[in-house]
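One structure is given here, and the rest of the page talks about it.
Bear in mind that the values in this text are calculations on the coordinates, not laboratory data. Treat the numbers as computed from the prediction; the structure is a model and nothing was measured. Cβ atoms come from the backbone with ideal geometry, glycine included; neighbour counts cover every protein chain shown.
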């Protein structure tokens, strides 16, 4: 049986999840040089690669079957089961680590603000739990969940953007969304630097500031033939633009960076040599992404008598185990039979 899809998306998502884990480890108490955001590739850049991939694949999914109910069902089946599980599990399970005691913990309204705000994808309203992780470097229960909110909002935007693209020129629409996203990001980051207020940087990171990456992925889908015809020039230019953004003057390259990143990400996934069917055992990248932060936070709070490197290795191991169990016991059970991962697993079990 031939592979269902000969691309490197599964491998790429797994590598990006590992990069996010690496960077978050530095935030929660593992200050190795290689966990710093300035070393190799930052966590935010890895997340932006995820947004590029989403733009490419989600618009492709919509175009293959532009039916709102079907589109929403597929997105919900993939995102919600593990997301709801980790939010509920942290809300209940971390009561055992709270300095308030279990009874006082559940009597605190902050517990229910955390639960319901995160289930409603507005976790910024309450991202800590009472008495939990108070002695840690960071008190956030699950830092990466802010990106899931943006991802869900991108899903909602896809039918709207597709509808508008049918009414006005798609290139014009994409250009407006792209430039608007870059300007939003640059503007609020400038305000953050000028007024020395972290809040402006957080606003810069929200959906409008990430739209250029998502729409770049969409453009790579819609104009894939153009990209294929000019692949050498596009890749050379993109390597230069991304290198310039990271190494020299990010403000100068900011306007072309999202599209350049998309060229390299989608180019690696679809035009680079096929590196194997990494989805045949399941998609563990999502589980690693949403479970690793509370696991690392818990290990830090427990103050186990372990060397930092050993504790880090334990955190990574537990995150992988959690993601594998989550996939087989929860996530895969909610997928439709038409899912790529269901087909890939069948392929792995069928050597013919």
Take the chain, connect every pair of alpha-carbon atoms lying under 10 Å apart with a spring to form a Gaussian network, then pick out the residue of 209, 55, 131 with the largest mean-square fluctuation. 131
Which values of log₁₀ I(q)/I(0), to two decimal places, follow from the Debye formula for the range 154-196 at q = 0.22, 0.32 Å⁻¹ with a uniform point scatterer at every Cα? -0.74, -1.03
Calculate I(q)/I(0) for the chain by the Debye formula, one identical point scatterer on each C-alpha and no solvent, and give its log10 at q = 0.07, 0.11, 0.15 Å⁻¹ to two decimals. -0.31, -0.80, -1.49
Orientation-averaged projected area, Cα convex hull of the range 82-213 (nm²): 9.8 nm²
Of 190-197, 213-220, 240-247, ordering from highest average Cβ density within 10 Å down gives 213-220, 240-247, 190-197
Within a Gaussian network of the chain (alpha carbon springs, distance under 10 Å), most fluctuating of 132, 102, 324: 102
Fewest first, what order do 211, 153, 259 take by the number of other Cβ atoms within 10 Å? 153, 259, 211
Quick one: helix 109-119 against the long Cα principal axis of the chain, what's the angle to the nearest 10°, folded into 0 to 90? 20 degrees
Any idea what the relative contact order of the range 9-349 is, in percent, if you count C-alpha pairs under 8 Å spaced at least 6 apart? 24 percent
In nanometres, the difference between 0.36 nm per residue of separation and the alpha-carbon distance of residue 109 and residue 134 is 7.3 nm
FRET efficiency for residue 64 and residue 329 from the Cβ-Cβ distance with R0 = 35 Å, rounded to 0.05, comes out at 0.75
Contour minus Cα-Cα distance for residue 309 and residue 84 (0.36 nm per residue): 77.9 nm
Work out Dmax and Rg for the range 191-230 from the C-alpha atoms and quote the Rg first, both in angstrom. 15.8, 46
Surface/4 estimate of mean projected area, convex hull on alpha-carbon atoms of the range 295-337, nm²: 3.4 nm²
Calculate the spin-label point distance for residue 6 paired with residue 92, positioning each point 7 Å from the Cα along the beta-carbon direction, and give it in nanometres. 4.7 nm
Please rank 263, 47, fewest neighbouring Cβ atoms within 10 Å first, as an exposure proxy. 47, 263
Taking Cα atoms, how many degrees apart are the long axis of helix 207-222 and the longest axis of the chain, rounded to 10 and kept between 0 and 90? 40 degrees
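Could you quote the convex hull projected area for the range 238-333, Cα atoms only and averaged over all directions, in nm²?
Mean projected area for the range 238-333: 9.5 nm², to one decimal.
Given 0.36 nm per residue, what is the gain on full extension from residue 225 to residue 99 after removing their alpha carbon distance, in nm?
Computed gain between residue 225 and residue 99 is 39.5 nm.
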Inter-part gap, Cα centre of the range 235-307 to Cα centre of the range 113-142, in whole angstrom, is 25 Å
If I fit a long axis through the Cα atoms of helix 340-349 and take the longest principal axis of the Cα atoms of the chain, what angle between them do I get, 0 to 90°, rounded to 10? 80 degrees
